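Data block below; observations after.
The values are calculated or read from the model by the stated rules, or taken from the named source; none is laboratory data. Keep in mind the model is a prediction, meaning the values are calculated, not measured. Every residue, glycine among them, receives a Cβ derived from its backbone with ideal geometry; neighbour counts consider all protein chains shown. Surface accessibility is based on the protein's heavy atoms, side chains included, excluding ligands, DNA and RNA. Shrake-Rupley method; radii C 1.70, N 1.55, O 1.52, S 1.80 Å.
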Amino acid sequence: MDQFKVRSIDLQQAQNQIRHKTDGLSSSTLVLRRGQAFTVTINYEGRPFDPAKEKLILQIALGPLSVEVPVSSFGQPSLTQWSAFLERRVLNPTGPRVLSVSLSSPASASVGVYTLQLRVEARLNVKTHSLGQITLLCNPWCQTDSVFLQAEDLRNEYVRSDIGLLFKGSPGNMVSRPWSFDQNEKGILDICMKLLQLSPQYQADMRTDLQNRSSPVYIGRVISAMVNSNDDKGVLMGNWSGDYSGGINPSQWSGSADILRKWAETQFRAVKYGQCWVFAAVMCTVMRALGIPTRVITNFNSAHDSDGNMVIEEYYNEMGKKLSMSNDSIWNFHVWVESWMKRPDLGQGYDGWQVLDATPQERSAGIFRCGPAAVKAIYQQKVDAQYDVPFVYAEVNADVRTIIIKDRKILSTSIDKKRVGALIATKRPGSMLMQDITSEYKTEKDKLPSSADAGRIRQPLRDEESGFAGSYSIRGMESEASKGTAVSLQLLKAPVVGENISFNVIITNNAAAPKLLKKHVNAQNKEYNRNPTGTFWEAHDDVKIGPKETLTIKHEISFKDYMLKEAAEDFMVNLAVVIEDVESQERVLASEEFNIRSPALNVQIQNEFSVIINTPQVATVTFTNPFNAAVSGELSVSGSGLLEEKAQMTITIQPRETMKRPVNFTPRMAGSKMLSASLVLTNPPTVLHGFKTINVQAS
């Protein structure tokens with residue numbers, strides 16, 4: 001009879017990827033999750049397979065690491081090592097004969113691109129057949145994987161979903177903006193694997209790096225460094241200068257695929273430019289692609305404590321102008337990610353969410369990276385738990401000391417223990433709303449007081465249709481009431497680009513005698529991550545106030561006074577008032593930093609509730625020009641799984657005119673998808689966003 005002879009081997013890509021929940025991912029290889037069996041079929045001819053005469057051995061190689069796995073006739077998958085056994089045999093007397101082999105990787109296998117070969121050992125000869133390559137990812141569906149996550153809705157949100165919502169602005173005037181993580185886009189997974197391969201750790205010691213890649217703690221630390229370009233061939237170059245020539249303004253990115261592709265297409269040169277939310281969003285894409293549950297976090301009023309003393313010092317002059325005299329700073333918001341994993345290196349009690357930050361702020365063991373820092377360690381103030389817990393703890397908990405000075409003399413000081421980490425937010429799973437997770441980082445006594453005891457009223461203003469989710473606070477920082485005079489600031493409405501800023505200064509005389517006061521109000525432009533620049537508006541006048549009287553004085557700042565020169569989506573303002581008691585020389589200060597929100601674009605779908613895969617659809621982007629002059633700019637619309645390529649068009653809109661632009665698209669993936677639009681205006685220089693989530697039904 002003819003000899004047993006292998007004709008072909010089929011990796012069963014479609015069936016295996018559906019079983020492994022990797023069917024959305026695009027790669028040149030078969031994509032699998034560790035700790036789970038997959039099936040390979042061997043088509044052969046000649047006599048039936050006889051395990052007594054032929055030995056089948058699978059060779060599995062990851063770089064210089066390799067393992068040989070004999071195919072046994074029966075058995076169960078092993079939890080701790082690679083294993084293979086025959087699932088079934090098809091003996092067709094005339095047609096092809098098939099062996100079906102079940103192959104399992106351990107739940108602790110290293111993440112990477114493996115090469116598979118089949119060796120057939122007979123008595124007289126040995127033949128080797130190539131099976132191709134597999135990309136092996138972490139498996140949050142597998143109970144023994146260190147990234148296992150219990151709830152299916154959370155696994156879908158934090159691993160498979162490619163829809164993002166990033167929160168920016170200020171806690172009192174929050175802005176949500178859409179982001180497309182794009183992990184399912186063509187070629188993106190292969191680029192994410194390249195990030196691991198180009199890391200300094202892999203380049204220095206390939207074998208050790210590949211062995212360490214079994215740990216998500218190690219992977220997170222490597223990716224945190226590789227998303228920025230400060231020490232390596234990383235993805236993004238940071239730029240906070242306001243001058244983005246030679247690159248792209250960070251506010252103009254709307255998804256990760258453009259950035260990762262640009263990096264790969266330019267031989268891994270750093271993409272220009274990123275700021276904190278861009279670093280975080282790209283890191284979220286990479287971690288989700290690698291199978292590690294990840295979400296994007298915004299910390300409002302985030303302290304950058306450069307000297308490690310847990311106190312941020314802010315200086316004002318006697319006229320209410322904020323001065324740049326300290327290396328410490330408070331970012332109006334800072335964005336990082338959390339990834340879900342076990343922490344066997346920390347002992348019991350620190351599994352779960354871990355902070356990872358790819359924004360290059362400070363070095364960690366000599367490299368610009370941060371984390372993983374266990375959120376539970378931050379909550380418990382366990383500052384000796386690696387990695388970087390003290391730095392993150394300060395970001396959410398530092399005290400603020402405000403100092404008024406004149407001619408280098410200190411006139412007054414006050415301490416604010418509530419401002420830093422006022423709100424820590426992420427996207428709510430399964431919706432486009434905000435989830436407040438402040439209580440996961442700090443105890444109630446560390447948190448911002450409730451509206452009842454703070455007079456700080458946060459009214460949620462939510463409208464999923466227009467792609468806006470936000471809240472608005474009506475009270476600023478007050479001076480200490482223990483002094484003879486108290487002052488506070490009150491914004492009268494949420495500030496929007498193109499409109500005037502209206503606010504009240506409220507002064508209370510706590511004394512039983514009348515007073516003559518000097519009032520100094522000062523407004524400065526600022527970037528979200530640093531101290532303000534020059535004053536763009538100020539008001540100084542004398543005020544007479546009666547005993548125990550409270551005065552409310554209204555002010556307006558016009559649009560032309562605060563317009564910026566460079567396109568931004570975050571117009572930030574530092575507003576401060578100093579009240580000086582002429583007789584006692586006592587001074588009190590109130591300040592508020594807030595953003596001026598850009599108007600939103602409206603995105604609507606023609607047949608919103610009957611969007612079916614592979615069926616043409618029409619979306620309409622609408623925007624009414626609120627400005628007194630014509631505006632022009634570039635409109636782009638994108639949607640992972642909806643549009644093959646971005647739709648881009650140049651538009652001009654007359655004052656008060658409404659623009660309506662139709663966009664044709666054909667969904668190519670079922671499930672929850674997002675169509676997002678951005679409009680980059682040149683005059684006034686601002687970036688507008690809007691989005692619509694769509695539930696695409698299978699045909």
| field | Where a residue in the range 663-688 is among the aromatic types (Phe, Trp, Tyr) and its partner, wherever it lies, is assigned to a strand (DSSP E or B) and open to solvent by 10 Å² or more (accessible area, probe 1.4 Å), with Cβ under 6 Å and at least six apart | value | Phe665/Gln617
| message | What's the number of the only condition in (1) open to solvent by 10 Å² or more (accessible area, probe 1.4 Å); (2) assigned to a loop (DSSP other than H, G, I, E, B) that Thr115 fails to meet? | response | (2)
| request: Give the residues of the range 602-648 that are assigned to a loop (DSSP other than H, G, I, E, B), open to solvent by less than 20 Å² (accessible area, probe 1.4 Å) and touching an Asp or Glu at 6+ places or on another chain (Cβ under 9 Å), sorted by residue number. | output: Asn625, Ser640, Gly641
| said: Looking at the range 512-552 only, could you name the residues that are open to solvent by less than 60 Å² (accessible area, probe 1.4 Å), farther than 24 Å from Thr402 by Cα and not in a strand (DSSP E or B)? | reply: Ala513, Gly546
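Does the range 294-324 hold any residues that are outside any strand (DSSP E or B) and over 11 Å from Ile405 (Cα atoms), and which are they?
Start the filter on the range 294-324 by keeping residues that are outside any strand (DSSP E or B), which leaves 305-310, 318-321, 324.
Once the filter is applied, which keeps residues that are outside any strand (DSSP E or B) and over 11 Å from Ile405 (Cα atoms), the range 294-324 yields Asp305, Ser306, Asp307, Gly308, Asn309, Met310, Ser324.
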| field | Pairs with Cβ under 7 Å, 6+ apart, first in the range 57-82 and crowded, with 16+ Cβ neighbours inside 10 Å, second part of a loop (DSSP other than H, G, I, E, B) | value | Ile60/Trp82; Leu62/Ser110; Val69/Trp82; Trp82/Ser105; Trp82/Pro106
| field | Pairs where the first residue, in the range 196-207, is in contact (Cβ under 8 Å) with a residue 12 or more places away in the chain and the second is in a loop (DSSP other than H, G, I, E, B) and loosely packed, with under 15 Cβ neighbours inside 10 Å, C-beta under 6 Å, 6+ apart | value | Arg207/Pro64
| note | Residue hits (the range 214-231; part of a loop (DSSP other than H, G, I, E, B) and crowded, with 22+ Cβ neighbours inside 10 Å) are Val227, Ser229
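Has the range 276-292 got any residue that is touching a helix residue (DSSP H, G or I) at 6+ places or on another chain (Cβ under 7 Å), surrounded by fewer than 24 Cβ atoms within 10 Å (Cβ to Cβ) and modelled with pLDDT of 95 or more? Give the steps one after another, and end with the answer.
First pass over the range 276-292, keeping only residues touching a helix residue (DSSP H, G or I) at 6+ places or on another chain (Cβ under 7 Å): 278, 281-283, 285-292.
The next check asks that each one be surrounded by fewer than 24 Cβ atoms within 10 Å (Cβ to Cβ); those that pass are none.
The answer is no; no qualifying residue exists.
Is it true that some residue in the range 358-377 is closer than 25 Å to Ser146 by Cα, in a loop (DSSP other than H, G, I, E, B), in contact with a helix residue (DSSP H, G or I) (Cβ under 6 Å, 6 or more places away or on another chain) and at pLDDT 90 or above? Can you show your working first?
So in the range 358-377, the residues closer than 25 Å to Ser146 by Cα come out as 358, 364-365, 369-377.
Narrowing further to those that are in a loop (DSSP other than H, G, I, E, B): 358, 365, 369.
Then keep just the ones that are in contact with a helix residue (DSSP H, G or I) (Cβ under 6 Å, 6 or more places away or on another chain); that gives 358, 369.
Next, from what is left, pick out any that are at pLDDT 90 or above: 358, 369.
Within the range 358-377, one or more residues are closer than 25 Å to Ser146 by Cα, in a loop (DSSP other than H, G, I, E, B), in contact with a helix residue (DSSP H, G or I) (Cβ under 6 Å, 6 or more places away or on another chain) and at pLDDT 90 or above.
On the given criteria, is Ser488 over 30 Å from Asn249 (Cα atoms), crowded, with 19+ Cβ neighbours inside 10 Å and at pLDDT 95 or above?
Details: over 30 Å from Asn249 (Cα atoms): yes; crowded, with 19+ Cβ neighbours inside 10 Å: yes; at pLDDT 95 or above: yes.
For Ser488, the condition - over 30 Å from Asn249 (Cα atoms), crowded, with 19+ Cβ neighbours inside 10 Å and at pLDDT 95 or above - is met.
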| message | For the list (1) without any contact (Cβ under 8 Å) to a residue 60 or more places away in the chain; (2) open to solvent by 10 Å² or more (accessible area, probe 1.4 Å); (3) among the aliphatic types (A, V, I, L, M), I need the number of the one condition that Leu323 fails. | response | (1)
| Of the criteria (1) under 26 Å from Lys272 (Cα atoms); (2) open to solvent by less than 10 Å² (accessible area, probe 1.4 Å), which one Asp209 fails | (1)
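Sort through Phe559, Phe571, Phe594 and tell me the only one that's of a type in the set (A, V, I, L, M, F, W, C), touching a residue at least 24 places away in the same chain (Cβ under 8 Å) and over 15 Å from Ser502 (Cα atoms). Show your work before the answer.
Values: Phe559 fails: over 15 Å from Ser502 (Cα atoms); Phe594 fails: over 15 Å from Ser502 (Cα atoms).
Exactly one residue qualifies, and that residue is Phe571.
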| Residue selected from the range 588-601 under the condition part of a loop (DSSP other than H, G, I, E, B) and of a type in the set (A, V, I, L, M, F, W, C), by the criterion nearest to Ile403 (Cα to Cα) | Ala600
